[in-house]
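Trainee: My questions will all concern the structure given below.
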Amino acid sequence: MTSTLLRGRTLSFLRWPETVDDHCAWRYEDDGGLLLRDGRIVAAGAYADVEKKADEGVKKIDHRPHLLLPGFIDAHAHFPQMQVIASYGAELLDWLNTYTFPEETKFQNAQHGRRIARLFLDEMVRHGTTTVAAYCSVHKGSAEAFFAESHDRNMLNIAGKVMMDRNAPEGVLDTAQSGYDDSKALIKEWHGKGRQHYAITPRFAITSSPEQLEMAGALCREYPDLHMQTHLSENHAEIAFTLQLYPQARDYTDVYERYGLLGRKSLFGHCIHLSEREADALSDSGSVAVFCPTSNLFLGSGLFNYQRYRTRYKALRIAAATDVGGGTNYSMLRTMDEGYKVIALNGEKLNPFQSFWQLTRGNAEALSVVERIGTLDQGSDADIIVLDARATPAMRLRMETADTLAEELFLLQTLGDDRAVREVYVAGRVMKSDLGLNVGP
Ligand SMILES: [Zn+2]
């Protein structure tokens with residue numbers, strides 16, 4: 001197989017950057033090189049050094065003056081909600097009942113599922129997101145459609161059919177048994193096939209009976225290396241209803257705790273209104289709190305206290321996500337721009353290196369996939385994006401006064417979107433270029 005040598009300004013993180021001067025936290029090469037072979041990065045560093053390791057017939061691509069980063073990672077999104085995004089005027093529970101559940105009933109139709117799965121992954125790639133942890137609909141066919149499209153693109157994605165057996169319309173309900181059986185069949189068919197990862201996905205406590213959460217816990221015990229994803233503590237009405245449905249639970253987190261759903265591969269969307277006990281329980285179990293700023297603002301759910309969770313005595317592992325379609329944008333740049341504002345409303349700041357750490361290595365660590373993605377290290381999968389901080393006239397003008405890498409990154413986050421993502425490589429293959437999207441294998 002031929003190899004490819006990319007040239008550009010490379011940026012990859014080694015750990016959380018404490019300040020903008022914490023240079024040991026990242027590796028930046030002004031004239032960097034990445035040698036790709038068989039879908040992996042086989043050499044990385046200064047271009048002059050990497051070039052020496054390339055063989056004769058290597059294909060050279062010069063991306064200067066643009067930045068090369070690991071592909072963005074979105075830790076929580078709902079692919080069946082592409083036609084729910086931008087629905088007006090509701091808080092969480094009304095929003096689910098009025099817009100989301102009726103829309104998700106359409107995924108009974110497998111053809112609809114295939115169309116939306118294709119368009120969703122197109123949109124991910126267009127925005128520079130090379131990995132997403134996705135919720136499918138309750139229908140087994142929706143997960144099959146998602147995985148088939150993801151596998152065709154050779155993307156590393158995490159997904160699962162949602163399990164929900166009450167408090168929703170008939171067309172989006174399974175049963176405790178069928179939810180278990182369908183999940184198990186999907187695990188056998190898709191988990192570990194190429195780059196696909198299955199996530200056990202009870203939607204949330206309100207739409208799962210105790211029997212169903214029991215079955216979800218059983219799956220977690222049977223397949224301990226799988227992810228588990230659900231929602232937790234998003235808004236006050238949701239919390240009150242949950243505690244009404246599970247009167248024996250100490251608090252919302254305890255509902256999941258009782259069924260064995262906490263753990264290092266457990267991803268909890270939102271986590272806005274946690275008590276200290278709940279935050280301790282998440283921390284003790286190594287569970288991940290997923291920050292979804294555009295969604296939390298859009299639905300008026302509340303302000304995720306990122307810095308408190310990160311720095312408390314028992315720190316939380318944190319991921320960042322769009323939560324499309326409660327979220328309002330597919331772009332992780334737009335997401336961190338809103339995240340910055342949420343953190344500012346809590347009286348704190350997130351510096352641009354911390355933001356880009358979160359979007360790449362930070363999310364890869366939170367999803368326990370940093371051995372494969374989230375960095376430009378030798379041995380990593382070649383999921384790489386090319387960012388152009390001069391992508392629009394306004395960005396070009398502002399760049400005239402940006403002198404440092406930190407300023408450039410902050411500009412990308414504040415003004416950037418899919419237009420700033422010039423090219424996208426997935427496992428070494430060009431999936432987006434100036435010519436458009438390349439979707440077929
Ligand atoms: Zn969600």
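Trainee: Within 15 Å of the ligand (Cβ to nearest atom) and at pLDDT 95 or above: does that describe Pro293? Write out each step before concluding.
Mentor: Details: within 15 Å of the ligand (Cβ to nearest atom): yes; at pLDDT 95 or above: yes.
Here the answer is yes, as Pro293 does meet what is asked.
Trainee: Also, I was wondering about something else. Could we say that Arg317 is out of contact with any Ser or Thr (no Cβ under 8 Å at 6 or more places or on another chain), over 26 Å from Gln248 (Cβ atoms), modelled with pLDDT of 95 or more and open to solvent by 10 Å² or more (accessible area, probe 1.4 Å) here?
Mentor: When the stated conditions are applied, Arg317 does not pass them.
Trainee: If only one of Ile373, Ile343 is under 29 Å from Leu5 (Cβ atoms) and at pLDDT 95 or above, which one is it? Spell out the reasoning first.
Mentor: Numbers: Ile343 fails: under 29 Å from Leu5 (Cβ atoms).
Just a single option satisfies the conditions, and that option is Ile373.
Trainee: List pairs: first residue in segment 39-64 and in the same structural domain as Val426 (by the TED database), second residue open to solvent by 70 Å² or more (accessible area, probe 1.4 Å) anywhere in the structure, Cβ distance under 7 angstrom, at least six positions apart or on different chains.
Mentor: Close Cβ pairs (under 7 Å, with a partner that is open to solvent by 70 Å² or more (accessible area, probe 1.4 Å)) amount to Ile41/Gln378; Val42/Gln378; Ala43/Lys53; Ala43/Gln378; Ala44/Gln378; Gly57/Thr2; Lys59/Thr2.
Trainee: Right, next: Within segment 307-327, restricting attention to residues that are touching a residue at least 60 places away in the same chain (Cβ under 8 Å) and of a type in the set (Gly, Ala, Ser), which residue is nearest to the ligand (Cβ to nearest atom)?
Mentor: Top of the filtered list is Gly326.
Trainee: Then there is this: For segment 271-284, state whether one or more residues are more than 19 Å from Leu96 (Cα to Cα), out of contact with any Pro (no Cβ under 6 Å at 6 or more places or on another chain) and within 16 Å of the ligand (Cβ to nearest atom).
Mentor: yes
Trainee: Return the residues of segment 322-367 that are over 14 Å from the mean Cα position of the chain (by Cα), acidic (Asp, Glu) and open to solvent by 30 Å² or more (accessible area, probe 1.4 Å); say none if nothing qualifies.
Mentor: Those that are over 14 Å from the mean Cα position of the chain (by Cα), acidic (Asp, Glu) and open to solvent by 30 Å² or more (accessible area, probe 1.4 Å): Glu338, Glu348.
Trainee: In this structure, does Asp182 turn out to be under 17 Å from Arg118 (Cα atoms) and open to solvent by 20 Å² or more (accessible area, probe 1.4 Å)?
Mentor: No, not satisfied.
Trainee: Looking only at residues that are open to solvent by less than 10 Å² (accessible area, probe 1.4 Å) and not hydroxyl-bearing (Ser, Thr, Tyr) in segment 205-216, which one is farthest from Ala75 (Cα to Cα)?
Mentor: Here is the first cut: in segment 205-216, the ones open to solvent by less than 10 Å² (accessible area, probe 1.4 Å) are 205-208, 212-213, 216.
Those left that are additionally not hydroxyl-bearing (Ser, Thr, Tyr): 205-206, 212-213, 216.
Values: Ala205: 20, Ile206: 22, Gln212: 24, Leu213: 22, Ala216: 20 Å.
By that ranking, first place goes to Gln212.
Trainee: Across segment 58-74, what is the number of residues that are surrounded by fewer than 20 Cβ atoms within 10 Å (Cβ to Cβ) and not in a strand (DSSP E or B)?
Mentor: Summing the residues that are surrounded by fewer than 20 Cβ atoms within 10 Å (Cβ to Cβ) and not in a strand (DSSP E or B) in segment 58-74 gives 1.
Trainee: Ile116 versus (1) open to solvent by less than 30 Å² (accessible area, probe 1.4 Å); (2) in contact (Cβ under 8 Å) with a residue 40 or more places away in the chain; (3) of a type in the set (Val, Ile, Thr): which is the lone unmet condition?
Mentor: Every listed condition holds for Ile116 apart from (2).
Trainee: Met431 passes all but one of (1) in contact with a strand residue (DSSP E or B) (Cβ under 8 Å, 6 or more places away or on another chain); (2) open to solvent by 30 Å² or more (accessible area, probe 1.4 Å); which number fails?
Mentor: For Met431, the failing item is (2).
Trainee: Taking segment 65-97 as the region of interest, how many residues are more than 20 Å from the chain's Cα centre (by Cα) and either in contact (Cβ under 8 Å) with a residue 60 or more places away in the chain or within 16 Å of the ligand (Cβ to nearest atom) (or both)?
Mentor: Counting residues in segment 65-97 that are more than 20 Å from the chain's Cα centre (by Cα) and either in contact (Cβ under 8 Å) with a residue 60 or more places away in the chain or within 16 Å of the ligand (Cβ to nearest atom) (or both) gives 11.
Trainee: I'm trying to understand the selection: among the residues of segment 390-403, which are of a type in the set (Ser, Thr, Tyr) and either in contact (Cβ under 8 Å) with a residue 12 or more places away in the chain or open to solvent by less than 20 Å² (accessible area, probe 1.4 Å) (or both)?
Mentor: Once the filter is applied, which keeps residues that are of a type in the set (Ser, Thr, Tyr) and either in contact (Cβ under 8 Å) with a residue 12 or more places away in the chain or open to solvent by less than 20 Å² (accessible area, probe 1.4 Å) (or both), segment 390-403 yields only Thr392.
Trainee: Does Leu243 satisfy the condition of being assigned by the TED database to the domain that holds Thr335, open to solvent by 50 Å² or more (accessible area, probe 1.4 Å), more than 16 Å from the ligand (Cβ to nearest atom) and in contact with a helix residue (DSSP H, G or I) (Cβ under 8 Å, 6 or more places away or on another chain)? Write out each step before concluding.
Mentor: Numbers: assigned by the TED database to the domain that holds Thr335: yes; open to solvent by 50 Å² or more (accessible area, probe 1.4 Å): yes; more than 16 Å from the ligand (Cβ to nearest atom): yes; in contact with a helix residue (DSSP H, G or I) (Cβ under 8 Å, 6 or more places away or on another chain): yes.
Against the criterion (assigned by the TED database to the domain that holds Thr335, open to solvent by 50 Å² or more (accessible area, probe 1.4 Å), more than 16 Å from the ligand (Cβ to nearest atom) and in contact with a helix residue (DSSP H, G or I) (Cβ under 8 Å, 6 or more places away or on another chain)), Leu243 qualifies.
Trainee: Which fully enclosed strands (runs of 3 or more DSSP E) of segment 282-391 have 3 or more residues being over 16 Å from His127 (Cβ atoms) and touching a strand residue (DSSP E or B) at 6+ places or on another chain (Cβ under 7 Å)?
Mentor: 288-291, 317-320
Trainee: Among the residues of segment 46-57, is there at least one that is within 16 Å of the ligand (Cβ to nearest atom) and either at pLDDT 95 or above or assigned to a helix (DSSP H, G or I) (or both)?
Mentor: no
Trainee: Given the conditions (1) assigned to a strand (DSSP E or B); (2) not assigned by the TED database to the domain that holds Arg361, which single one is not true for Ala77?
Mentor: Exception for Ala77: condition (2).
Trainee: Here is a follow-up. Have a look at Gly326, Gly286, Gly260 and point out the one that is touching a Lys or Arg at 6+ places or on another chain (Cβ under 7 Å) and under 17 Å from Phe204 (Cβ atoms).
Mentor: Gly260
The values are calculated or read from the model by the stated rules, or taken from the named source; none is laboratory data. Because the structure is a prediction, the values reported are computed rather than measured. Because the Cβ atoms are built from the backbone with ideal geometry, glycine has one as well, and the counts that use them run over all protein chains shown. What goes into the accessible areas is simple: the full protein's heavy atoms, side chains included, and nothing from ligands, DNA or RNA. Shrake-Rupley method; radii C 1.70, N 1.55, O 1.52, S 1.80 Å.
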